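Here is the structure we will look at, set down as structure tokens.
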Amino acid sequence: MAENMISVEDAQEIILAHVRQTPCEEVPLAEACGRPLADGVVSDIDLAPFAHSAMDGFAVRAADLAEASADTPVELDVVGHEAAGAVFAQEVRPGQALRIMTGAPVPAGADAVVKYEVVGVVAGDGSDGSRVSFTAPAQVGENIRAAGLEAKAGAEVLKAGEVLTAAGCGLAASAGAERVVVRRRPHVGVISLGSELVAPGAVPERGMIRDANSSALMAAALEAGAQPRFVGMAPDDPDKIRALILKAAETCDFVVTSGGASAGDYDYVTALAAEEGEVFFDRVAMRPGKSQTFGLVRGVPFVGLAGNPAAASVGFEILVRPALRQMMGFTELARPVQTARLATDQRKKQPRRYYLRGRVERNEAGELVATPAKSQNSGLFGTLHHANCLVVIPEDAPGAHAGDAVACVRIDLPEGSVL
Ligand code: AMP
Ligand code: MG
């Protein structure tokens, strides 16, 4: 059995070598958020477009206030009022101030804005025709956001390859881009295989179980940034399985099945994939998830995951997620890894890499401790639901002892996170 088993790294590498990036599409900003930009964004105007006030207050000539103090306040005439969106066409001359709101352009002549709260009103109500007094000097440029502060017209404000954030959407919008170019989210066809499966809405009779994997795998595809599509369930019947896989390959960029992938009497997936295309491997030296097939079916990447819930989900995490992200143009494909002290002894039966579902947390002394869930039964979803990491016990290790340093793959954090 062990002869045709390949390492996790080899399996990942083979899959990454056989997936192609999806075509580019131009989409509204919010839809592109979270995806890497395929093209940069160039601003057509200065950002900010004009020097404007950062405060509600008075635009003044700083030189007028050079001698201002509490004992010798300086009084200025208010010559107008400028709201955001308005333009005060005159110059602020010596001895004058302009009442100005946040976002309004700084008028000619003025070189500082003094915030409203520290200005005394001597006569009038602070608007046009009032007199106001200042008890401190102002710095040139104070409370003014300069034109082109963030970028000059023609500058590339977002670069190809950068992952668009919410703030990046704001930056693109300021630069005049309502739509940006990203790679299309890959369509992932999800199929559940097994004669024992019923839909989650049904109450299973004896011998039957609910199809839980497709929900988990579609959610995982969504989390990866892809577009999942449930193609259906098929019993362990080669013709039905073949029909479903071919249907998925026709309409999707990637096909994922769970179940029927091992060497049981009714496990047809690998043979079918080989008949309809090419299979590159069908065993990976990991646990859970030894029986995992990768191939191209009619040219479309196909991963046949093991049926046990934890095996299917961990298999997706390790083999499918990096591929989907690469298809969208992400260059960072590895989840962050943290080294922690193992909380409990771990026995190991096979020379495979164990991914133990567990949690890594700081103890009271501030040290990172990795606690694998008590049950590593791969039939359970709950342990994975509560896990924030996969604790790695290397393939060649005979096991691990409490206190050993272990690598923890943070499945709760995005690729590229700095810990
Ligand atoms: P298999 O890989 O087909 O041998 O399945 C291994 C185990 O996973 C069996 O106990 C199956 O009943 C279970 N299983 C397979 N597919 C699913 C599914 N879609 N949802 C929940 N459990 C499944
Ligand atoms: Mg089965």
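The values are calculated or read from the model by the stated rules, or taken from the named source; none is laboratory data. Predicted, not measured: the structure shown is a model, and the values here were computed from it. Reconstructed Cβ throughout: ideal geometry from the backbone, glycine too, with neighbour counts over all protein chains shown. Keep in mind that these areas ignore ligands, DNA and RNA; they rest on the heavy atoms of the full protein, side chains included. Shrake-Rupley method; radii C 1.70, N 1.55, O 1.52, S 1.80 Å.
Of note:
- Just the protein heavy atoms count here, and of the accessible area of the chain at 1.4 Å, carbon and sulfur take up 52 percent.
- Rotationally averaged projected area of the range 290-419 (alpha carbon convex hull; nm²): 8.8 nm²
- Length gained when the stretch I45-E275 is fully extended (0.36 nm per residue, less Cα-Cα span): 77.1 nm
- Under the criterion of Cα pairs below 8 Å and six or more residues apart, the relative contact order for the chain equals 16 percent.
- Of the peptides 121-128, 340-347, the order by per-residue mean of other Cβ atoms within 10 Å, starting with the highest, comes out as 340-347, 121-128.
- The length gained on full extension between A263 and T331, counted as 0.36 nm times the residue separation minus their Cα-Cα distance, comes to 21.0 nm.
- Once you reduce the range 274-331 and the range 342-419 to the center of their Cα atoms, the two points are 22 Å from each other.
- Mean projection area, nm², convex hull over Cα of the range 103-173: 7.5 nm²
- Given their separation in residues at 0.36 nm each and the Cα-Cα distance between them, A63 and A136 gain 25.1 nm when the chain is fully extended.
- Partner lysines whose Cα lies under 18 Å from the Cα of K349, excluding those fewer than 8 positions away in the same chain, are identified as K290, K374.
- Each helix, a run of at least 4 DSSP H residues, gives -39500 (n - 2.57); summed and divided by the residues of the chain, these come to -5000 deg cm²/dmol at 222 nm.
- Placing R0 at 51 angstrom, the Cβ-Cβ distance between S375 and Q21 gives a FRET efficiency of 0.80 after rounding to 0.05.
- Between the helical axis of 213-223 and the longest alpha-carbon principal axis of the chain there is an angle of about 30 degrees.
- Aspartates and glutamates whose Cα lies under 12 Å from that of K159, excluding same-chain neighbours fewer than 8 positions away: D39
- With N as its number of residues, the chain has a Cα radius of gyration that, divided by 2.2 N^0.38 Å, comes to 1.44.
- Residues L222 and I14, FRET efficiency given R0 of 25 Å [Cβ-Cβ distance, rounded to 0.05]: 0.50
- Remark: the range 128-205 carries 50 Å² of accessible area per residue (probe radius 1.4 Å; ligands, DNA and RNA excluded).
- Measuring from each cysteine beta-carbon in the chain, the ones with no other cysteine beta-carbon under 4.7 angstrom are C24, C33, C169, C252.
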